There are 2 protein chains.
Amino acid sequence: MTIGVYGLGRFGSFFAGELAKGNARVIASSRSSHEAPEGVEIRPLEEVLNADYLFFAVTISSFEKVLEKLGGMIGRHTVVLDTCSVKTYPAKWMEKHLDKDIYKIATHPMFGPDSGRNGIEGLPLVMCPVSRIDERYNAIKEYFLSLKLNVLEMTERQHDAEAAYSQGVTHFVGRVLSEMGLKPTEIATEGYKSLMTIVDQTCNDPLQLFYDLQRFNPYAKEMRLTLQVAVEKILNRLAEEEERS
Amino acid sequence: MTIGVYGLGRFGSFFAGELAKGNARVIASSRSSHEAPEGVEIRPLEEVLNADYLFFAVTISSFEKVLEKLGGMIGRHTVVLDTCSVKTYPAKWMEKHLDKDIYKIATHPMFGPDSGRNGIEGLPLVMCPVSRIDERYNAIKEYFLSLKLNVLEMTERQHDAEAAYSQGVTHFVGRVLSEMGLKPTEIATEGYKSLMTIVDQTCNDPLQLFYDLQRFNPYAKEMRLTLQVAVEKILNRLAEEEERS
C-alpha cells in the first residue's frame, strides 16, 4: 500500500511521519520546500496524487481551492481522505469537486505535534464515511488501528456538533486568555497551571486553524453565543450577589 | 506550640488535618457539628481562641462579622492568622477589629482538599506580615516550612493583583464553562480534557468562595473587564477575517 500526503505544514509533516511508522510506503508532496519527515519520501506531485490512498493535509480554508485545482489530476483508483478539523464542509467539497468514481473518506486525526509529542497511541481519529463503506474504507481503518489509534466512526454533523463544544471552545478560550496576556506566577494554583497549558497548546497551533475552526464548523457560532450568554449570566449573578449583601 | 483552628468547613477541616501532621498540638472549634479531622482535638471555643496561634478558616464574606463577634475573646498573647483567598480586605479587617496588641499575620494557603489530595508538599502558601515581623512570625513560618510548603512572602496588594489574574480568572472561566453545560465526549482533545479538569476543580469548591473571590479582590473587577474586552476582540477579529475571505 502506498500512501500519499499532500501538504507538509506543521500538522501534515507530523502526520506523514506517524503514518510512515506503519507498514505502508509513505510519499509526500508540498507546495513549499519543506523537509521530509523521517520515513517519508518526497516524490513528484503526479505520483503522490496517484497513490493508493491520498491524504490532504492543508488548511480548511484552502481545501476547496486545492480540490478545484488538483481534483482532475487524482487517479480514479485513488482513495481521497481529508484531515480537516471540521467535517461537514470538507466532505461536501470532496463530493462537489471530485469525480463521483473517486472513493472518499473524511477523517479528523485529533492530535498534532504537541498532543502527539509522546506518541499517538490511544489518541482519537475520527472517520466519517463519505462514499459507501467497502473494503477500501476497512483497509485504511485497519491501518489506523495498526498505529494503535482510537478510531471513532460518526457522521460529519455528529463530529462537528461535538467538536464545536470541545475542541472549538478550548481554542476559543485559549485565544481569549492569550489576548488577556496572562503570565506564569509563583502563586499559581494547580487550576491556573492547567489553564496556562491550554493557552500554550492552542496558541502553538497556527492562527489560521483557529479562524477556520470557528468559521467552517456549522455549530461554532452557536457555541460562541452560548459562551457569551454564559459570561453574561455569571456576571449578572455576581452583580445580584453583591446587591444582596 | 498549640495551634487553634476556628471553622471546620471543607477547607478548614482539610487544613487543620494537615497542620496536625507537624509537631504542634492542633485544636479546633466550629459552629456546626463537624467531625474532627485526624490528629485534631475538638475543644471549647474559649480554649481555641486562646491558643498560641489561631487560624480563622471561614468564608471571606463572613470573616469581618466573625472578628467583630469573637475579637474581644481572643487571648492577648495569641497570634491571629486568616486563611482567606484574598488578602487586602481581611488584613484591614484584622487591624480594625482586633486589639492593637494582638499579633496579626495574613496568610493564603493556596491549596485545598482537591489540589492537596496527594499531599501538600511543595504547594504554595502566601504570608503577608500585618504586624511587624518578629520571632512569632518566624516561628509559624518555620512550621509551614516543616510541612514542606512553598512559603511565599509578599504584600496583600501584590497577592491580590496576581491572584485576580491567576486563581480569579481560573474560577471565572470554570464557572462560565460549567454554565455552558460542557460534557465529556469521546472526541475530546487533550486540551479539552484539561479544560474539563478546570471545570471540575473550580466547581467542586463552594459557590460562596467564587462570589467572594470576585467581590473581595480589589483587582477582580478589572480582571473581568479585561476578560470581556478580550472576548470582544477575538469575536471582532473572527468577523473581520470572515469579511476578508
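Computed values, structure above
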item: Relative contact order of the range A:1-86, pairs being alpha-carbon contacts under 8 Å that are 6 or more residues apart, as %; result: 32
item: Residue-level accessible surface for A:ASP134, protein heavy atoms, 1.4 Å, Å²; result: 40
item: For the range A:73-84, Karplus couplings with θ = phi - 60° (6.51, -1.76, 1.60), whole Hz, Gly/Pro x; result: 9, 7, x, 5, 8, 6, 8, 9, 10, 9, 10, 5
item: Total formal charge among the other residues, if their Cβ is under 15 angstrom from that of B:VAL26, Lys/Arg +1 and Asp/Glu -1; result: -3
item: Surface accessible to a 1.4 Å probe, B:ILE133 within the full protein complex, Å²; result: 90
item: Within 10 Å of each Cβ in A:151-162, the average number of Cβ atoms from other chains; result: 1
item: About the Cα centre, charge dipole magnitude for chain B (Lys/Arg +1, Asp/Glu -1 at Cβ), debye; result: 420
item: Shape call, the range A:150-245: gyration tensor on alpha carbons, a/c limit 1.5; result: oblate
item: Spin-label pair B:HIS77/A:SER178, simplified geometry with 7 Å Cα→Cβ offset, distance in nm; result: 5.9
item: Residue-averaged 222 nm ellipticity for the protein assembly as shown, from DSSP H runs of 4+ at -39500 (n - 2.57), nearest 500; result: -14500 deg cm²/dmol
item: Heavy atoms of A:ASP99: accessible area, 1.4 Å probe, square angstrom to 10; result: 60
item: The range B:12-95 - percent of accessible surface contributed by carbon and sulfur, probe 1.4 Å; result: 45
item: Coil-residue GluC sites (Glu not before Pro) of the range B:156-234, DSSP, other Cβ within 10 Å capped at 14; result: B:GLU186
item: Overall form of the range A:153-205 per C-alpha gyration tensor (a/c, 1.5; a/b vs b/c); result: prolate
item: Förster radius 30 Å - calculated FRET efficiency between A:ARG117 and B:LYS21, Cβ distance, rounded to 0.05; result: 0.20
item: Three principal axis lengths of the range B:1-146 [C-alpha, angstrom, descending]; result: 39, 31, 29
item: Heavy-atom accessible area order for B:ASP160, A:ASP205, largest first, 1.4 Å probe; result: A:ASP205, B:ASP160
item: A:MET73, A:MET154, ranked by accessible area, largest first (probe 1.4 Å); result: A:MET73, A:MET154
item: Gaussian network model of chain B, Cα within-10 Å springs - most flexible of B:GLY72, B:GLY116, B:GLY191; result: B:GLY191
item: Cα pair distances exceeding 16 angstrom across the range A:98-198, given as percent; result: 68
item: Using alpha-carbon coordinates, inclination of helix A:88-97 to the longest axis of chain A, degrees; result: 30
item: Surface per residue (accessible, 1.4 Å probe) for chain B, Å²; result: 44
item: Between 0 and 90°, nearest 10: helix B:169-179 axis offset from chain B longest Cα axis; result: 60
item: Accessible area buried at the A-B interface, both sides summed, 1.4 Å probe (Å², nearest 100); result: 5100
item: Long pairs among A:LYS183/B:LYS21; A:LYS233/B:LYS69; A:LYS21/A:LYS141; A:LYS21/A:LYS193; A:LYS87/B:LYS233, criterion Cα-Cα beyond 24 Å; result: A:LYS183/B:LYS21; A:LYS233/B:LYS69; A:LYS21/A:LYS193; A:LYS87/B:LYS233
item: Cleavage-rule hits (GluC sites (Glu not before Pro)) in the range A:18-74: DSSP loop, at most 10 neighbouring Cβ within 10 angstrom; result: A:GLU35, A:GLU38
item: Global form of the range B:190-238, assessed from the alpha-carbon gyration tensor, a/c cut-off 1.5; result: oblate
item: By accessible area with a 1.4 Å probe, ligands and nucleic acids excluded, highest first: order of B:MET196, A:MET94; result: B:MET196, A:MET94
item: Rg followed by Dmax, in Å, when chain B is reduced to its Cα trace; result: 20.1, 72
item: Cα pair distances exceeding 30 angstrom across the protein assembly as shown, given as percent; result: 55
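The values are calculated or read from the model by the stated rules, or taken from the named source; none is laboratory data. Predicted model only: the values in this text are computed from it and were never measured. Quick reminder, even Gly has a Cβ in these numbers, built from the backbone with ideal geometry, and neighbours come from all protein chains shown. In case anyone asks, the SASA skips ligands and DNA or RNA and just uses the protein heavy atoms, side chains included. Shrake-Rupley method; radii C 1.70, N 1.55, O 1.52, S 1.80 Å.
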